[in-house]
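Coordinate-derived values only; no laboratory data. All values derive from a computational prediction rather than experimental measurement. Ideal geometry is used to build each Cβ from the backbone, glycine not excepted, and the neighbour counts take in all protein chains shown.
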Amino acid sequence: MTKDMDKRDLYQEVTDKIIAALEEGTVPWVKPWDSRHASVMAGYPCNALTGRPYHGVNVPLLWLEQAVRGFTTHRWMTFRQAREVGGHVRRGEKGTLVTFFKQLRKQATDEAGNPRYDEDGVPVERTIPLLKGFTVFNVDQIEDLPDECREPEVTEEEFPEPVEAAESVAAASGADIRHGGPQAYYAPASDHVQMPPAAAFHSREGYYGTLLHELTHWTGHRSRLARDGIVRFEGFGSASYAFEELVAELGGAFLCAETGIHGDLRHEGYIASWLEVLRGDKRAIFRASTQARRSTEYLMARVCPAASPATAGQEAVA
């Protein structure tokens, strides 16, 4: 990371990039993979050297770059990592911004700059949010990499077929899922998910792509993750509703990546409201990505309580 990176407003830079894509009709969280070759981890962008998946807002950022620039792989690494294994970034290649968030704890001080202590003499601490940016390159941009940096760690044969994986998520959730009528929605008052009949969808993956979106809404109930957009529902068309839809769209995409589903996301008609939210708050996409990650963790933990989902480990972004 350079000193110039420290001076950049990374919140605004990331938000501007998402806004520009939406204004052009490109939705960054529409997944750039073929479900016939997807595995539980294949949908997530990951580090080619460590194998660890990227998290939070980095997921749609890297999905966007992969789709727009036509990269054939979801694997990325830094310039230094490429050199460590004998590879080199081709001359003229442009890297992609990703971010890392952490919270620093420092002792609080009074107006005179003196350290503060509580009544028991324990130092009073304050939390300082720190967002850092760094640059990664897709392995398609790097030459002379060893095969293990190019090949995926897993094969699709090791994991359930996508529809079976999505069925497992739905079943393990324990959600009240009802069928009938022409619309799909989550009803907070009765705490149930309403779905059209499966036969109304063009494919089984289309059905489960929609269901995973609605299950993300379901996680927001006050008895579960208690998200404001569900607990304090202010009506369709409100800013809080637009933000909750952004969370559900991202959560649905993350769940599709977890299961390998290539379902149709429900972004039509929401772009204008998302743009309004993002233009009014440069941190909104960070918060939405974090809440979507928490929702995905919640649902995947019900499928396999002992295992950590691919989205685990991202620090919360304020």
Estimated FRET transfer efficiency when R0 is 30 angstrom, pair residue 26-residue 83 (beta carbons, to 0.05): 0.40
Sorted by Cβ density within 10 Å, fewest first, the residues 55, 202, 192: 202, 192, 55
Net length gained if the chain between residue 232 and residue 91 were fully extended (0.36 nm per residue, minus Cα distance): 45.6 nm
Neighbour-count order for 186, 208, fewest beta carbons within 10 angstrom listed first: 186, 208
Label-reachable residues, the stretch 162-185, where backbone N falls under 13 Å from a point 7 Å from residue 204's Cα toward its Cβ: 162-168
Length added when fully stretched, residue 8-residue 116, from 0.36 nm per residue minus Cα-Cα: 35.7 nm
Once the Cα gyration tensor of the stretch 3-303 is diagonalised, semi-axes √(5λ) in Å: 32, 29, 19
Computed over the stretch 99-237, the ratio Rg/Rh where both radii use C-alpha atoms and Rh is Kirkwood: 1.17
Packing-based exposure ordering (other Cβ within 10 Å, fewest first) of 77, 195: 195, 77
